[in-house]
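Contents: one structure, followed by commentary.
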Amino acid sequence: MNLVSAGLLLFWGVYFGLAGTGNIVDWLTNHGYRGKLFRSSSKNLELMEKVAQRHGSGKRAIDALFAVIMSWEMLSAATYLAALVLYVSGSLLLLPYAFFVGMGLFAGLIIGNEAFVYYDDEEEHVVMLLAQLVSYVAAVLL
């Protein structure tokens, strides 16, 4: 076992878990369920609604797309953390799948940026995709 590889799996698992949780709080906030326990919100749903308005997309479509993104983030977190558990026990079984799921999310977001002609966040999504790719190469080579 390599500590750098294990650390990368832990990092990405925590990252996606926090990103997904932030978006869940955002959805709850925008649907009137925000309570005293929720102190922050990602504002991603509001941003998606603004961009989609320009294209005539309905609120239900945005909610459905946002649900896919939240689910994908949480799936990514779970896959990275499961890959970490297996990696620590000596198995590389989930390693490529964890990175595939994580990179797939950002690839989908980049395609969404192109589809909605919204480029303000595209560079960030490309950087995150590349960061995961570099992490994968490092995890495999170390």
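FYI, it's all coordinate maths here, none of it is from the lab. Note that the coordinates shown come from a computational prediction; the quantities given were computed from them, not determined experimentally. Note: ideal-geometry Cβ built from the backbone for every residue, glycine included; neighbour counts use all protein chains shown.
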message: How far apart, in nanometres, would the label points at residue 115 and residue 14 be if each is projected 7 angstrom from Cα along the Cα-to-Cβ direction?
response: 3.3 nm
query: So what is the calculated 222 nm ellipticity per residue for the chain, using -39500 (n - 2.57) for each DSSP H run with n of 4 or more, over all residues, to the nearest 500 deg cm²/dmol?
result: -26500 deg cm²/dmol
Length-normalised contact order for segment 3-141 - Cα pairs under 8 Å, 6+ apart - percent: 28 percent
Ranking of 125, 31 by count of other Cβ atoms within 10 Å, fewest first: 31, 125
- request: Taking DSSP loops as anything outside H, G, I, E and B, show the longest stretch in the chain free of trypsin sites (Lys or Arg not before Pro) there with at most 10 other beta carbons within 10 Å.
  value: 55-142
field: Spacing of the two label points (7 Å from each Cα toward its C-beta) at residue 57 and residue 137, in nm
entry: 3.2 nm
Structure-derived log10 I(q)/I(0) by the Debye sum over Cα atoms at q = 0.09, 0.12 Å⁻¹ - corresponding label in (i) -0.35, -0.58; (ii) -0.31, -0.53; (iii) -0.28, -0.49: (ii)
- request: Could you work out how far the C-alpha centroid of segment 31-105 sits from that of segment 120-137, in angstrom?
  value: 15 Å
task: Kyte-Doolittle cut-off 0.0, length cut-off 24 Å along the helix's own axis using Cα: show which whole DSSP H helices in the chain pass.
output: 3-30, 59-88, 95-115, 122-141
statement: Here, residue 49 and residue 78, labelled 7 Å along Cα→Cβ, have an inter-label distance in nm of 2.8 nm
